[in-house]
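Notes follow once the structure below has been shown.
Each reported figure results from applying straightforward, stated rules to the coordinates on display, with no laboratory input. Fair warning: this is a prediction, and the values are worked out from it, not measured in the lab. Cβ: placed from backbone, ideal geometry, glycine included. Neighbour counts: every protein chain shown.
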C-alpha cells in the first residue's frame, strides 16, 4: 500500500460537508430550460403554491446534478494531483424530500470504500446526501461511484 492509499484509507467513515448553496428560482428555471422539463411545480410559482409543496420545487435531477459542484467545496486531506476523474455511476438514488425554491442545501459525503483498480487508477464509493437547511430529512441519498487517475 502506498502512502497515498494509506492516507485515503484513514478517511473511510469520515463525513465531510460542502458549503451551503441557495437553490433559487433562477437556477431552477435554467435547469428547466436546459432539460426541457417545464412541469409547473418547478417553474410556475402561482400554480405550484396550490400544491402540497406550497411553492415551486427544484427538479430531483437538478439536486442530483449539483453533487460534483458541491463536492468541489469540501476540504479534504492533501493528495497527489488528480490527472483525470470521471463519474462511474450511482447506486440506490432516492429523492426523499423536495427542495423548495430559495432553500439552502449542502452535500454530506462519507467515503465508504476506495480501491486501486490499476496502478495509479482508483475507484471510490461515497455515501452522499443532500441536506436541506432546517429539515430533518435530506433531499436525496445515494451511493456515488467515481474513478480517478493520479
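Labels on offer are [x] 15.4, 51; [y] 17.3, 56; [z] 17.4, 58, and the one holding Rg and Dmax of the Cα atoms in Å computed from this structure is [z]. Helical content of the chain, expressed as a calculated mean residue ellipticity at 222 nm, amounts to -5500 deg cm²/dmol (DSSP H runs of 4 or more residues, -39,500 (n - 2.57) each, divided by residue number, nearest 500). Per-residue Cβ neighbour counts within 10 Å put 20, 69 in the sequence 69, 20, beginning with the fewest.
Rounded, prolate or oblate: which fits the range 20-70 when a ≥ b ≥ c are the square roots of the eigenvalues of the alpha-carbon gyration tensor, with rounded for a/c under 1.5 and prolate only if a/b beats b/c? Here the range 20-70 falls in the prolate category. Seen against the Cα atoms of the chain and their longest principal axis, helix 25-35 is set at about 70 degrees. Look at where the Cα atoms of the range 24-96 and of the range 97-150 average out, and the two centres are 13 Å apart.
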